1. Taking segment 289-305 on its own, how many of its residues are in a loop (DSSP other than H, G, I, E, B) and in contact (Cβ under 8 Å) with a residue 60 or more places away in the chain?
2. From the set of residues in segment 160-198 that are among the small types (Gly, Ala, Ser), touching a residue at least 40 places away in the same chain (Cβ under 8 Å) and in contact with a Lys or Arg (Cβ under 9 Å, 6 or more places away or on another chain), which is surrounded by the most Cβ atoms within 10 Å (Cβ to Cβ)?
3. Pick out the one residue from Pro405, Pro427 that is crowded, with 21+ Cβ neighbours inside 10 Å, on the phi < 0 side of the Ramachandran plot, touching a helix residue (DSSP H, G or I) at 6+ places or on another chain (Cβ under 8 Å) and not small (Gly, Ala, Ser).
4. Please tell me if Ala98 is aliphatic (A, V, I, L, M), surrounded by 23 or more Cβ atoms within 10 Å (Cβ to Cβ) and more than 27 Å from Asp3 (Cβ to Cβ).
5. Between Asp90, Asp25, Asp63, which is farther than 22 Å from Val154 by Cα and in contact (Cβ under 8 Å) with a residue 12 or more places away in the chain?
6. Just the residues that are over 23 Å from Trp358 (Cβ atoms) and not in a helix (DSSP H, G or I), please, taken from segment 318-347.
7. Out of segment 229-263, which residues are in contact with a Pro (Cβ under 8 Å, 6 or more places away or on another chain) and crowded, with 20+ Cβ neighbours inside 10 Å?
Amino acid sequence: MSDTVRVAAVQIEARDLEDAPATLDELLRLVDQAVDAGAQMIVTPECGYPAYFIGLRNAETVDAREALAPLAERARRGRCTIVAGLALRDHEGVLRNAAVCIGPDGEELGRTGKSFLWHFDWLWFRAASEFPVWHTPIGPVGALVCADGRQPEVARMLALRGARILADCTAWVAWGATSEALDSAHCQYFMPVRAQENGCWVVAADKWGVERDSIVYAGRSTVIDPDGNTVSCLGPTGSGVLVADIDVARATGPRLRRRPELYGLLTEPTSRLPVLRGLGAPEVLRAPDRRAAAAAGMWTDHARLAHLWEALRDAACALAVLPVAADGEATLAAARRLTAQGGGEIVVAGAPAGGPTWTALVRHGEVALRREDSHAASASGPLPEVVQTGLGRSALLVGDELFVPEVARHAALSGAEVLCWSGLRAPADLKRWARARADENRVWVIAASPDEALIVSPASAVVARSLRGRTMAASAQVWRALAHHKEMAPGTDVVLSRIPEAYGLMCRVQAVAGAAG
């Protein structure tokens, strides 16, 4: 297997179902261009044929099987692998929002279906619950179908099964004042985070334009490297083929330590999840919003910390999150004195020499909770528990825990409304990570590091942010009821739309990377 390979993402114009013949003509023409460019793997958009917005009146007759033969012929001619997004019926006649993998010999290697159905998807498609990985000449490939990228479990399952390239057949619904302004949460943070947390390449093919006079697509077909960097990207308008040469050897799988023995809650039946007990509770919906703060910089000058805390209390802040401090124990003692005098709560964190990073919640002069980073190199402690704070049900994360998707997911399913993260160092893309964790779990994220601090709402809006590199605090109102709205779109719910019985591999201590399907 050669390490450096050429991949291509085909970007087509969106058309209505009635224009399916023109759609197929354009799709095949652009696949031909990708073949002529020497692509060894070609990815096409979600429901690239016949259409995405099928509609209820057409659901009984739609089937894209007539596209399979011409795609297979092009795979044979180009000696390439094609991962095509098609509205396709399975062997039982069930309509799937499918991704089909065709090998260089023109034979079908397998297919999968979208598991996290989005908005109207569920009206005519049935969700899939398998996550196959296919052996191809360029390496092991797994497929996501659009909104699957919003659920951390899907890409994680593929990576654990050995996928090192994620083919994303997508139709990124967008909005904007002009076509040039169109963008997508997938482009901005979801897919870069999926690539980085799983150590995989992402090749995403999207549509552009308007379908059914009511949906506009973002375009921006893209290739993302295993560090989360966008290698190449098309614009928001115009059909075309994005070609990139990638080094598959850079994809090494999940980068950070996993502790699958702790992730059992992720596979529990939805009806048993603690998060369900508090959703929509009247006392939550009536609860007032509270102000929170996240501090950037180093606060070893405790006189300056006292000055900050006085200012925050004057601004009615109920809780402040501090970054990891080199003198954590001394800062903890200072926080105890400050809260004993003026009330409120402070999250303090420390990094002792030779020991794991820890975080603590201080209120009324006492340490209400103290815990260590569960995913540090030598850590053996539990995942964050959910504790009541002035902001609501909160979980304290520290160090690497923000960058391991199972940690935030476990906290959210345990009922956390707020994630408070303290870091020793902030990546340049901290905003991307915070937005992804907030959005995929629909929780508040309050993140503090020496370099930057920010607060993100459950809908991924950055509502407060420090000046990067400036020692200061940023504050915002936190309304816990927003974390109880788990529905992303009609019929699409962060909690209820999960398929926990399909995620068993995430909890296996001896997960074997391999190919299936």
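1. Step one: list which residues in segment 289-305 are in a loop (DSSP other than H, G, I, E, B), which gives 289, 297-301.
Next, from what is left, pick out any that are in contact (Cβ under 8 Å) with a residue 60 or more places away in the chain: 289, 297-299.
Qualifying residue count, segment 289-305: 4.
2. Ala171
3. Just a single option satisfies the conditions, and that option is Pro405.
4. Judged against the criteria, Ala98 is a match.
5. Values: Asp90 fails: farther than 22 Å from Val154 by Cα; Asp25 fails: in contact (Cβ under 8 Å) with a residue 12 or more places away in the chain.
Answer to the selection: Asp63.
6. Start the filter on segment 318-347 by keeping residues that are over 23 Å from Trp358 (Cβ atoms), which leaves 341-343.
Residue satisfying the conditions is Gly343 alone.
7. Residue satisfying the conditions is Ala251 alone.
Residues are listed down the side, and each one gets a yes or a no for (1) of a type outside the set (A, V, I, L, M); (2) more than 31 Å from the chain's Cα centre (by Cα):
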{"position": "Ala37", "(1), (2)": "no, yes"}
{"position": "Pro45", "(1), (2)": "yes, no"}
{"position": "Gly48", "(1), (2)": "yes, no"}
{"position": "Ile54", "(1), (2)": "no, no"}
{"position": "Ala59", "(1), (2)": "no, no"}
{"position": "Asp63", "(1), (2)": "yes, no"}
{"position": "Pro70", "(1), (2)": "yes, yes"}
{"position": "Gly78", "(1), (2)": "yes, yes"}
{"position": "Ile82", "(1), (2)": "no, no"}
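The values are calculated or read from the model by the stated rules, or taken from the named source; none is laboratory data. Treat the numbers as computed from the prediction; the structure is a model and nothing was measured. Here the Cβ is made from the backbone with ideal geometry for all residues, glycine too, and neighbour counts use every protein chain on show.
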